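The values are calculated or read from the model by the stated rules, or taken from the named source; none is laboratory data. Predicted model only: the values in this text are computed from it and were never measured. Here the Cβ positions follow ideal geometry from the backbone for every residue, glycine too, while neighbour counts run over all protein chains shown. Ligands, DNA and RNA are excluded from the accessible area calculation, which covers all protein heavy atoms including side chains. Shrake-Rupley method; radii C 1.70, N 1.55, O 1.52, S 1.80 Å.
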Amino acid sequence: SASVDESLANAFMLSGRGLRECVAGEEAEFDLTPVQGESLALSKTIKATSIDSGLFTVELRGPQFITGQVDGPTKDGHFRARYRPFVAGAYVLVVKIGRFVLQQCPFSVKCTPDVTCAETCEIDDFGLYNKKAGDDLKLKIITLDAQRNKNYSDEESFHVICRGGSIQGKGRMAKFKKHVMEADSKPLGDGIHQVVFKVPLEGAYSVIVLHTDRQTGARNELEASPVPFTCAKSDRDPNNEDGGPNAAAVSMKNLMQKAMVDSGTDEERRPNFMERRLKKILGDKDIEPEDHILKQDKPQPMFSAGLWHKPNYWEKIGIYTVGTPLRRVQYEVMEMHKKGLRKD
């Protein structure tokens, strides 16, 4: 092999895409071409074909230190260098022959992330914790390539499938209610995508996150999927899903309205449709008092111990002594004492 002197540092021209840019995880290449064919400049007695490729060194400094490899020479005296980075970022490339740096060096090389990989994407499930049924559940996906470099693309698409539920009802009527919700992601910028969805009932759920390949359209499940979470029972009225006032709020509003009308600070409120309808059904009749059953003349059949029984006699104050559970009798006696209807 030829001896190395400083003249050889000016004898090669570097060219190729690998001197400007590369992709993380992919092999990049560039060429080393003799300046004057087989006769090297400033060293006429040395042929390019007689130079050992082991004299060349390729170094890249940046987010990581990388050393490349030089192959050759070909019959024309050409060499080819190659290297493979794994961390995206900016690098400085230098090629040496022996201890001398080639004349065109250094080069600035930009290493970009590879395409999004479903196996390495990360899921931020903080938005699923301490939530209740009906609340907005937020799931964030951080796009990464196969080398775990952050991918800043907002063109990615993720699809979420949430399955789960809870047991509703009591005793023999208890049944497991299953719910399935699906939603698509929206980009937030900086390579982060977010999915927002809701679950109707409390219970245990599991979220599957799928990434859509932009080239094939196939959906691949993320390695970090599925994500389990639980939702507590909602504080909202289940019969009032639209978030409007409940019955207690309406009653309080009516009482305040009546007080203002009685004091003369407000006009009397006109009855709404439901109130007019109820008044028509009742036919303007007074509602019987709550203890009207106790004031009836005839005893009514009652259910006790699984059988229908009629009482043996009817007390004057209106309490069943036969056929009525003991606790019910005690309760009604206490009610009579409270109302002053019984003193013994």
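Just reorder Ser108, Ser157 by solvent-accessible area, largest first, 1.4 Å probe, all chains present. Walk me through the intermediate numbers first.
Numbers: Ser108 95, Ser157 50 Å².
From most exposed to least exposed: Ser108, Ser157.
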Solvent accessible area, Å² - His78, 1.4 Å probe, full protein context
80 Å²
Given the protein chains as shown and a 1.4 Å probe, how many square angstrom of Lys131 are accessible, to the nearest 10?
60 Å²
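Are there GluC sites (Glu not before Pro) in segment 112-184 that DSSP puts in a loop and that have at most 16 other Cβ atoms within 10 Å, and which ones?
Numbers: sites: Glu119, Glu122, Glu155, Glu156, Glu182; in loops: Glu119, Glu155, Glu156.
Within segment 112-184, the qualifying GluC sites (Glu not before Pro) (loop, at most 16 other Cβ atoms within 10 Å) are Glu119, Glu155.
Roughly how many percent of the accessible protein surface of segment 1-153 is carbon and sulfur, given a 1.4 Å probe and a whole-percent answer? Working shown, then result.
Values: 3670 of 7760 Å².
C and S atoms contribute 47 percent here.
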Grab the Cα-Cα distance for Arg82 and Arg99, subtract it from 0.36 nm times how many residues apart they are, and report the gain in nm with one decimal.
4.2 nm
Keeping every protein chain in place, order Met173, Met181, Met336 by accessible area at 1.4 Å, biggest value first, i.e. largest first.
Met173, Met181, Met336
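What FRET efficiency, computed as 1/(1 + (r/R0)^6) with R0 = 51 Å and r the Cβ-Cβ distance, is obtained for Phe273 and Met334, rounded to the nearest 0.05? Walk me through the numbers before you get to the answer.
Numbers: r = 41 Å, r/R0 = 0.80.
Calculated value: 0.80.
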Please go through the residue pairs Lys170/Lys198; Lys175/Lys198; Lys279/Lys339; Lys138/Lys177; Lys140/Lys186; Lys175/Lys233 and name each one whose alpha carbons sit more than 19 Å apart in this structure.
Lys170/Lys198; Lys175/Lys198; Lys279/Lys339; Lys138/Lys177
Under a 1.4 Å probe, counting only protein heavy atoms, Glu6 has an accessible area in Å², nearest 10, of 130 Å²
Surface accessible to a 1.4 Å probe, per residue, for the residues of segment 156-217, Å²
59 Å²
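Report the gain in length on full extension from Asp124 to Arg20: 0.36 nm times residue separation, minus Cα-Cα distance, nm rounded to one decimal. Walk me through the intermediate numbers first.
Working: separation 104, 0.36 × 104 = 37.44 nm, distance 3.49 nm.
Difference between extended and current length: 34.0 nm.
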